[in-house]
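Notes to accompany the following structure.
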Amino acid sequence: MTVAGVKIWLKSAWRHGLAHPISALSLIIPLFATIGLLVQSAISISFGHPIETIKLALAAGFGGFLATTIGAIPALFLKGVPQKIEDTMLGFAAGMMLAASAFSLIIPGIEVGQAMTGARSTGVGLVACGLILGSFLMLGLEQFTPHEHQHAGGFGVGVKGLRRTWLFVFAIALHNLPEGMAMGVSFSRADWSVGLPISTAIAIQDIPEGLAVALTMRASNVRPLVAFFVASLTGLLEPLGALVGATLASGTQFAYPVGLGFAAGAMIFVVSHEVIPETHRNGHQTPSTMGLMLGFLIMMILDTAMG
């Protein structure tokens, strides 16, 4: 991105924030809360928090990167797949992510919070705070980050001042960073019963996402090898997000249930705001919904078995 492009975005973001203070607060409050959690977590890690959790989180993040790469492989040979199949696959992935958010993040977070405080209502409150922070952070990023949806065009502040390539990159960041954070948070206590189901769900979701990225580039007449490598590289945002998530939830004892709720809120927002609307935009509501139900069912069974 050029310096001029950054200046255009900063001016547009400032004007948008003044005109829409609620949108600005939806970004600023959870952003500062996240920074606060990261600072206290960094202090905790410096005083001897096990580094093993960071390794597990990074391994999960790189698993997401590998899944994205696998998803992009068909673009080396194909220029497109039937839209109905793509929408059904994304619906399946959305169902897995919703089930993982419920059974691998929200419920364990409430149980941990209850065990810490002795009151179930307090556990629910801690997770609820995280849900609000995660969803509002994604809402703020959606409002202020210029990006482009595959079929609906450009969104966000300063969208007219940036090239389509950058809009596409930012759109992928909005998906992959919170997904990586969810992986990191889920492994922040080295608990495989929490980390494995959520990381499995996100990795499976990354396969159709990697395919969608690569095929979108192919549709823009990008060479197959370039489309494959660019789609693969977008997956590197997940290990970065995993590192942030693991650090965020590794501080005080209350940071863990709040972090689980935070990751769930971010994931549910992405599924509802981005994935499901995309699968319904082309008239394939029924197959994508059936895919969602199947994904939810399989993830529920896997989570029960892994737990």
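Going through the range 176-229 one residue at a time, which ones are of a type outside the set (S, T, N, Q) and outside any helix (DSSP H, G or I)?
187, 189, 190, 191, 222, 223
Can you name the residue in the range 194-240 that is modelled with pLDDT of 85 or more and of a type in the set (Asp, Glu) and is also farthest from residue 99 (Cα to Cα) among such residues?
Taking the candidates together, the pick is 238.
Restricting the search to the range 198-243, which residues are surrounded by fewer than 21 Cβ atoms within 10 Å (Cβ to Cβ) and within 27 Å of residue 35 (Cα to Cα)?
Listed by number, the residues that qualify are 233, 236, 240, 243.
Any residue at all in the range 48-63 that is modelled with pLDDT of 90 or more, within 24 Å of residue 246 (Cβ to Cβ), in contact with a Gly (Cβ under 6 Å, 6 or more places away or on another chain) and not β-branched (Val, Ile, Thr)?
Yes - at least one qualifying residue is present in the range 48-63.
Count, please, the residues in the range 252-293 that happen to be outside any helix (DSSP H, G or I) and either under 10 Å from residue 87 (Cβ atoms) or at pLDDT 85 or above (or both).
Total satisfying the criteria: 4.
Taking residue 111, is it in contact (Cβ under 8 Å) with a residue 12 or more places away in the chain, within 30 Å of residue 221 (Cα to Cα), assigned to a helix (DSSP H, G or I) and not small (Gly, Ala, Ser)?
no
On the basis of being over 23 Å from the mean Cα position of the chain (by Cα), at pLDDT 90 or above, assigned to a helix (DSSP H, G or I) and among the hydroxyl-bearing types (Ser, Thr, Tyr), does residue 44 make the cut?
no
The values are calculated or read from the model by the stated rules, or taken from the named source; none is laboratory data. Keep in mind it's a predicted model, so treat the numbers as computed, not measured. Cβ sites come from the backbone with ideal geometry, for glycine too, and all protein chains shown count toward neighbours.
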